[in-house]
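Notes to accompany the following structure.
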Amino acid sequence: MKIFVTYSRSTQREVASLVKDLEELGHEVWFDRDISGGQSWWNNILSQIRDCEIYVFAIAKDAIDSTACIRELKYAEALGKAPLPVLIKNDVSLALAPRYISNVQYADYTKSDQKNAIIDLIKSLKGITPTTSLPDPLPEPPEIPISYLDTLKEKVDAPTMTRNEQIGLVKTLQSKLEDPQVNHEDIILLLHRLRKHDELLFATAKDIDALLERYPVSPQPKPKPKPVTDDVKSPRPEPKSPPSSNVYHKPVQSRTAVTKDSTHQPWNIGLVILLGLGTFCIPLIGIIAGIIALNTKENKTAGVILLILGIIMAIVIFLAVIGGAYDDPYYY
């Protein structure tokens with residue numbers, strides 16, 4: 001059977017699953033996969049409704065609140081199409097649904113058990129008599145909803161634009177932002193595009209800025225961040241790039257520092273004793289070794305000891321020399 005599905009964009013994922021199940025059951029299903037078109041696209045939708053044998057309305061709050069969905073539903077009702085309401089989301093009271101579908105037993109597609117949901121769908125389909133004929137004359141087709149207009153980009157890109165055209169275009173874009181059936185990111189892109197128009201008036205620019213503040217959606221396309229994310233996550237590019245002097249400068253400094261520190265190791269006890277013994281004989285050894293040791297952090301204590309010992313021994317030797325001179329009989 002030929003089936004037409006009316007749905008809200010917010011339930012596109014659930015409806016895609018529903019359509020897949022219906023097609024696997026052997027039915028030919030048509031639904032608006034991309035809600036963006038002009039009068040010709042709207043005429044195609046109305047034509048598909050006329051050709052269908054079963055009209056499916058995907059029940060959800062956004063669908064009931066959508067102007068486009070309600071116009072499709074009323075046109076199907078005027079054509080006398082066999083309705084099949086399918087509950088997609090539990091976010092709306094069925095009492096608020098239009099009478100055309102509220103008086104019909106609906107199929108519950110919100111069940112956690114997918115198998116039971118499909119069984120419920122099959123039972124509902126079996127209880128419906130397909131519509132094979134159309135009324136004569138045909139009912140008046142509904143007007144195109146604003147969410148299906150496709151001339152906005154052409155208007156935004158127009159080389160010249162009057163004040164009234166700018167005001168009307170901004171109001172149209174604003175109404176689209178308030179429509180749940182429209183992709184807001186597309187409208188934000190058009191607003192940014194219009195903001196750069198050469199003939200844009202100051203008052204119109206202020207209105208656009210106000211809308212962009214109310215709907216802060218990034219104007220950048222989604223595919224662009226992907227290469228950046230991949231580059232950050234992938235560790236491979238860094239080793240392949242030629243090493244720069246900045247990258248390897250720090251390790252060289254660290255190795256130099258280690259070499260410098262190794263020349264100032266603390267003196268061991270044996271060396272200090274040996275220098276001390278030498279100082280008893282030659283005080284100058286202790287004085288020189290003490291001065292050298294004081295210039296290092298590791299050997300300051302040993303340097304102080306050797307320096308003091310060298311000075312004491314120098315004084316002792318000096319006094320001994322003077323005392324010996326006094327005892328010399330030739331001194332007088």
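The values are calculated or read from the model by the stated rules, or taken from the named source; none is laboratory data. This is a predicted model, so every value here is computed, not measured. Counting neighbours? That spans all protein chains shown, and the Cβs are built from the backbone with ideal geometry, glycine included. With ligands, DNA and RNA removed, areas are computed over all heavy atoms of the protein, side chains included. Shrake-Rupley method; radii C 1.70, N 1.55, O 1.52, S 1.80 Å.
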Which residues, counting only those in the range 71-81, are open to solvent by 30 Å² or more (accessible area, probe 1.4 Å) and not in a loop (DSSP other than H, G, I, E, B)?
Arg71, Lys74, Glu77, Ala78
Over the range 82-101, the set of residues among the hydroxyl-bearing types (Ser, Thr, Tyr) and either touching a Pro at 6+ places or on another chain (Cβ under 7 Å) or open to solvent by less than 50 Å² (accessible area, probe 1.4 Å) (or both) is Tyr100
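In the range 10-25, how many are open to solvent by less than 60 Å² (accessible area, probe 1.4 Å) and either free of Cβ contacts under 8 Å to residues at least 24 places away in the same chain or of a type outside the set (A, V, I, L, M, F, W, C) (or both)?
Qualifying residue count, the range 10-25: 7.
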Residues in the range 102-135 that are in a helix (DSSP H, G or I) and open to solvent by less than 50 Å² (accessible area, probe 1.4 Å): how many?
6
Looking only at the range 57-70, count every residue that is open to solvent by 30 Å² or more (accessible area, probe 1.4 Å) and closer than 16 Å to Lys176 by Cβ and tell me the total.
3
